[in-house]
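To start, the structure itself, in structure tokens.
The values are calculated or read from the model by the stated rules, or taken from the named source; none is laboratory data. Source: prediction; values computed, not measured. Cβ placement follows ideal geometry from the backbone for every residue including glycine, while neighbour counts extend to all protein chains displayed. Just so you know, the surface numbers come from the protein's heavy atoms only, side chains and all, with ligands and any DNA or RNA stripped out. Shrake-Rupley method; radii C 1.70, N 1.55, O 1.52, S 1.80 Å.
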Amino acid sequence: MNKAFVIIFAFIALSVNAQDKLTVTVENPLKMERKDAPVVVRLSQTGKMVRSALVTCGGQEIPSQLDDLNGDKRFDELCFTTDLGKLEKKEFQVTLYNEGSPRKYEPRVYIEMVLPNSKVKQKNKHDMYISELTVDRGVNSYNLQHHHGIDFESELTGFRIYFDHRQSIDLYGKQKKQLELRETQFYTQPDQLEQGYGDDVLWCGQTFALGALRGWDGKQPTMLDDVEHRTQRIIARGPVRVIAEVVCDEWNAPCPTSGALPVTLRERYTQWAGHRDVTVAAKFSRPVADYSFSTGIINVKGSEEFSDKKGLRGCWGSDYTVSGKDTLTLKKETVGLGICIPRQYVKQELKADSDNYGFVISTTTDELSYAITFGSNNETFGYHSAKEWFGYLAEWKRELDPVIVNVRQ
């Protein structure tokens, strides 16, 4: 009896010691409402090994996720989203556990990499799922993945990143707010279209599409074709956010400095639940102050342009999604595109040409970042004119300012 009591007591003590309590205060610095505002708690601040977490606000459980960002099998960040009123401040209680496994929640985002399965004939039924793929120099990697590259989505928008020298970001426009890519795999079938599923809404070609990062040779953009290895991998799978990573190892990017060594480029694309936009964070293997790069958005045929001349640029236009030409089987897709680049990275806003609304960008350090967004005229919930879209872009730029997060132990 006494022995059993001691064992039970020891178990209770162990459970108590396995917990750490945090108070997280989140403040909206803007005089505008924020919906699904991203919140990130860096677990290095706690100095603890974390295996599971519980987030509550006012006694209500808040969906969250834990992410290992560097592959060392330790969770680096806890993240969740919250709605905030103008200048509102909220307090969250976080319990961290050093045992167990992450809690499960209904996913609001999705990400996948799929190899083609020659035994499967229907284009939305391929089933060879992977988490990472690397190819060597000279490999034609475009057809190695079923839908030509990693794809991901929130309830509002979907994206895929071509696994080739272009690294173009293609767009999946929706009609309804829902997750769809698991069912359509970017190849929506006729019966799914009749049910209100979305579809590919952009022709990319050799353009920037939506925010592809390229080199700059002093006169024009250059592709990422001279690389030793090319990699795509899934970093985070949700349920709150997804992170896709693209690596160009030993890239011989154009550089005015004679004899410049190759540089490795690592890009992470993050999409949050409830968001139509994606953040693009580029990290180089060393400072790249001597280099210039380029990015921008495609000049959709006949599009109207918007620019605030401070890093925000957009367009609204219509085109066919195959080879940019009229077909008998496709309708024109009308989209609004947007890119927002922090002013410190903008060297030049390029004059629009037949392909792009472009920028020359640079950084004095080893990293740079920007954000991209789009809307489809097929949406029942979005924007349906250039005026509406450009109004959204101005508001979106303000919303890119992060909320203020303070953590107390």
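Per the listing Ile235, Ile297, the residue uniquely open to solvent by 10 Å² or more (accessible area, probe 1.4 Å), at negative phi, in a strand (DSSP E or B) and of a type in the set (A, V, I, L, M) is Ile235.
Of all residue pairs spaced 6 or more apart or on separate chains, those with beta-carbon atoms under 7 Å, a first member in segment 307-322 that is over 11 Å from Ile341 (Cα atoms) and a second member that is hydroxyl-bearing (Ser, Thr, Tyr) and not in a strand (DSSP E or B) are Cys315/Ser303; Trp316/Ser303; Gly317/Ser303; Tyr320/Thr327.
Within segment 384-399, how many residues turn out to be in a loop (DSSP other than H, G, I, E, B) and open to solvent by 60 Å² or more (accessible area, probe 1.4 Å)? Even if it seems obvious, please write down each step before you answer.
Taking segment 384-399 and keeping what is in a loop (DSSP other than H, G, I, E, B), we get 384-385.
When the remaining residues are screened for being open to solvent by 60 Å² or more (accessible area, probe 1.4 Å), the result is 384.
Adding up the residues that qualify gives 1.
Tallying residues that are outside any helix (DSSP H, G or I), under 15 Å from Glu155 (Cβ atoms) and not aliphatic (A, V, I, L, M) within segment 165-206 yields 11.
Among the candidates Gly173, Gly158, single out the residue that is open to solvent by less than 20 Å² (accessible area, probe 1.4 Å), modelled with pLDDT of 95 or more, farther than 22 Å from Asn117 by Cα and under 14 Å from the mean Cα position of the chain (by Cα).
Values: Gly173 fails: under 14 Å from the mean Cα position of the chain (by Cα).
None of the others qualify; the one that does is Gly158.
Pairing each residue of segment 29-57 that is under 13 Å from Arg398 (Cα atoms) and among the acidic types (Asp, Glu) with any residue that is outside any strand (DSSP E or B) and open to solvent by 40 Å² or more (accessible area, probe 1.4 Å), provided the two are 6+ apart or on different chains, yields C-beta distances under 8 Å for Glu33/Lys86.
When you check Ala281 against the structure, is it farther than 30 Å from Arg34 by Cβ and in contact (Cβ under 8 Å) with a residue 60 or more places away in the chain, yes or no? When the stated conditions are applied, Ala281 does not pass them. Residues that are open to solvent by less than 90 Å² (accessible area, probe 1.4 Å) and either of a type outside the set (Gly, Ala, Ser) or farther than 16 Å from Cys248 by Cβ (or both) within segment 132-147 comprise Leu133, Thr134, Val135, Val139, Tyr142, Leu144, Gln145, His146, His147, listed in sequence order.
Taking the options Gln185, Gln206, name whichever one is crowded, with 18+ Cβ neighbours inside 10 Å, polar (S, T, N, Q) and at pLDDT 95 or above.
On the way: Gln206 fails: crowded, with 18+ Cβ neighbours inside 10 Å.
After ruling out the rest, the residue left standing is Gln185.
To keep it simple, each residue is scored yes or no on (1) surrounded by 13 or more Cβ atoms within 10 Å (Cβ to Cβ); (2) out of contact with any Lys or Arg (no Cβ under 7 Å at 6 or more places or on another chain); (3) assigned to a strand (DSSP E or B).
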site: Val40; (1), (2), (3): yes, yes, yes
site: Lys73; (1), (2), (3): no, yes, no
site: Phe80; (1), (2), (3): yes, yes, yes
site: Leu87; (1), (2), (3): no, no, no
site: Thr95; (1), (2), (3): yes, no, yes
site: Glu99; (1), (2), (3): no, no, no
site: Pro107; (1), (2), (3): yes, yes, no
